[in-house]
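Worksheet for the structure shown next.
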């Protein structure tokens, strides 16, 4: 028998995250620093296109790039396989090649599906992330996770595919609805919970969206720095990176159970963080009182802390069972020793079975 061993050098990736107010007005000058080709396919959604798409395209065309826009419906329902043929066909009609560029201009949905399309079209075309929601700016645009949802669960199909560049302009947050802004605050609060007690305490002193916006550059940089360090230590989400999923195991189950219609990602994560903290407090894994602090901060930023229909909690278990972190019957759940200190807890689906019809223990 002949045995051949294929040895490849470690996959090395490096890219910049640039955070600056007014950055969206100079996209072309930033693009030219990392891209020397001619064609750019810009993927966005209808809402973002009306606010920012036209001006970004005008700026790119003024720099002599040939630009084709692909405008998708807004919302989580777009992040499915059904949307991919339309995107791939548009790439093909545009004559996009592996030497060209794709730009994702939008929130987490656009970033995720565009990144997945970029990773799979022609087996990989370079792309840039320009996140336009708070959630995408502090979380989903950073770290290279891309993918789409299945009816059975969120983000069950995807890849690790990093962008060439991430351009973050905090000024675009001005056009977000209060609900969308609160959605992003769930992820911001998560970062305080898992790694930064100072961030958590400072958020407690910001009672409104206006107060948050007065410190928004610092908030975004703080969150991105936490994620940068974690991703650099564990790119493929097999160890430390799992702490970024605090609240997500249950949150994703909530989104899927309600068909991505009733609760947004941030709302699901908020409810998930509280439920997991309640359970882990009862199991003496989390310091008593941490859950109450979390609830106070989430409510301060207009986020739900429990399901509207408590009877739905037990119905989430089948979705949790399909979670990506459920491996060989063992489920990795992120719990807090205390606010600012998260760790991975190896358990089983039975961890969640103590949720009764009231959503509490």
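The sum of -39500 (n - 2.57) across all DSSP H runs of n ≥ 4, divided by the residue count of the chain, sets its helix-only mean residue ellipticity at 222 nm to -11000 deg cm²/dmol.
Taking every Cα-Cα distance in region 178-352 and sorting them into 10 Å bins from zero, the calculated P(r) comes out as 10, 40, 38, 11, 0 percent.
Peptides 243-252, 168-177, 58-67, 12-21: what's the order by average Cβ count within 10 Å, highest mean first? Numbers along the way, then the final one.
Details: 243-252: 25.5, 168-177: 17.4, 58-67: 14.6, 12-21: 12.8.
By packing density, highest mean first, the sequence is 243-252, 168-177, 58-67, 12-21.
Using a/c under 1.5 as the rounded threshold, could you call region 253-326 rounded, prolate or oblate? The axes a ≥ b ≥ c are square roots of the C-alpha gyration tensor eigenvalues, and prolate needs a/b larger than b/c, oblate otherwise. Taking the square roots of the gyration eigenvalues as a ≥ b ≥ c, region 253-326 is oblate.
The C-alpha atoms of region 156-267 occupy a region whose extents along the principal axes are 37, 34, 29 Å, arranged from largest to smallest.
For helix 290-300, what angle does its Cα long axis make with the longest principal axis of the chain, in degrees from 0 to 90 and rounded to 10? Here the helix axis deviates by roughly 50 degrees.
With only alpha-carbon pairs counted, each pair once and no self-pairs, how large is the Kirkwood hydrodynamic radius of the chain in angstroms?
On the way: mean 1/r = 0.0477 Å⁻¹.
Result for the chain, one decimal place: 21.0 Å.
Once the mean of 1/r is taken over each pair of separate Cα atoms and inverted, region 16-174 shows a Kirkwood hydrodynamic radius of 15.2 Å.
Of the residues 281, 261, the one with the fewest other Cβ atoms within 10 Å heads the list, and the complete ranking is 261, 281. Contact order for the chain, expressed relative to its length and based on alpha carbon pairs under 8 Å spaced 6+ residues apart, stands at 15 percent. Ranked by the mean number of other Cβ atoms within 10 Å per residue, highest first, peptides 127-135, 211-219, 187-195 order as 127-135, 187-195, 211-219.
A straight line joining the Cα centroids of region 239-253 and region 107-181 runs 17 Å.
Each reported figure results from applying straightforward, stated rules to the coordinates on display, with no laboratory input. On a predicted model such as this, the values are computed, not experimentally measured, just so you know. Backbone-built Cβ (ideal geometry, glycine too); neighbour counts: all protein chains shown.
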